[in-house]
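Written below as structure tokens is the structure these notes are about.
What follows draws every value from the coordinates through simple rules; no lab data is involved. No experiment lies behind these values; they were computed from the predicted model shown. Cβ sites come from the backbone with ideal geometry, for glycine too, and all protein chains shown count toward neighbours.
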Amino acid sequence: MSETFSESDLEPSAEEASRKRRLVVDRVAVVVAVLAAGLVVGGMLALGACAAPMVFRLTPAPYSGNAMGAAFARFDRIAIGASCALLAAEVVRTYLARRHRQKITERLRRFAGIGLAGAVTFMGLVLSPEINDLHTKGVRRGEGELGMQLEATHKRAEMVGRLEAALGLLCIALHVFTLRTSSDEDEDDLDAPAPLPPGPR
């Protein structure tokens, strides 16, 4: 066996290369998750807090309701797609972290992602279609029985929208906070059970 060093001796081991790949994939998943959650939060703020009040103030009914209903219906499709990307990123991160002890922040991150996806889906598949259907019938908020139904549905949609924004911000913060580093990987290696010594057991 040669005692001289070669270039192959300086190359990272298979375990080190695998560790680097896991870190890169984890960072990519974090970027995807943060962008997806940010898209949902930004869209809700842009439509719900900025566009909707001005449209309803400056545009007469029923055009204001029809316009905002169409805008929210289109955004709902985008938000559902973003929530699917968020869940996919969460699955990747959970798989990569399967060999280390789970922290409470990582569990909370998963629940926040699932909650956000559920809220987005409920908004897109239940609340928005119901609101648009009532607007199509010419119903006005607070006028008659259907108007009261529209008012109640609007309030539920506003509450779910606030929940989406809060969960989205929480997802962003937790994904950044739980970003794994090389030191985390080293700790996982130290926590791994050591092989038993040779000899009779």
Give the separation of the Cα centroids, the range 102-158 to the range 71-98, in Å. 18 Å
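Could you please rank Ile172, Ile131, Ile80, Ile104, placing first whichever residue has the fewest other Cβ atoms within 10 Å of its Cβ? Kindly include the intermediate steps, with their values, before the conclusion.
On the way: Ile172 20, Ile131 24, Ile80 17, Ile104 7.
Ordered by Cβ neighbours within 10 Å, fewest first: Ile104, Ile80, Ile172, Ile131.
Dipole size in debye (nearest 20) for the range 16-183 around its Cα centre, Lys and Arg Cβ +1, Asp and Glu Cβ -1? Could the numbers behind the result be given before it?
Numbers: 23 positive and 12 negative charges, 230 e Å.
Dipole of the range 16-183, to the nearest 20 debye: 1100 debye.
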Distance from a point 7 Å along Cα→Cβ of Val28 to each backbone N in the range 73-107: keep the residues under 13 Å and list them by number. 89, 92-93
Please list, or write none, the lysines whose alpha carbon is within less than 24 Å of the alpha carbon of Lys137, excluding same-chain residues fewer than 8 places away. Lys155
So how long is each side of the range 16-183 along the principal axes, counting just the alpha-carbon atoms, biggest first, in Å? 67, 24, 19
Taking the highest mean first, how do the peptides 56-64, 115-123 order by number of other beta carbon atoms within 10 angstrom per residue? 115-123, 56-64
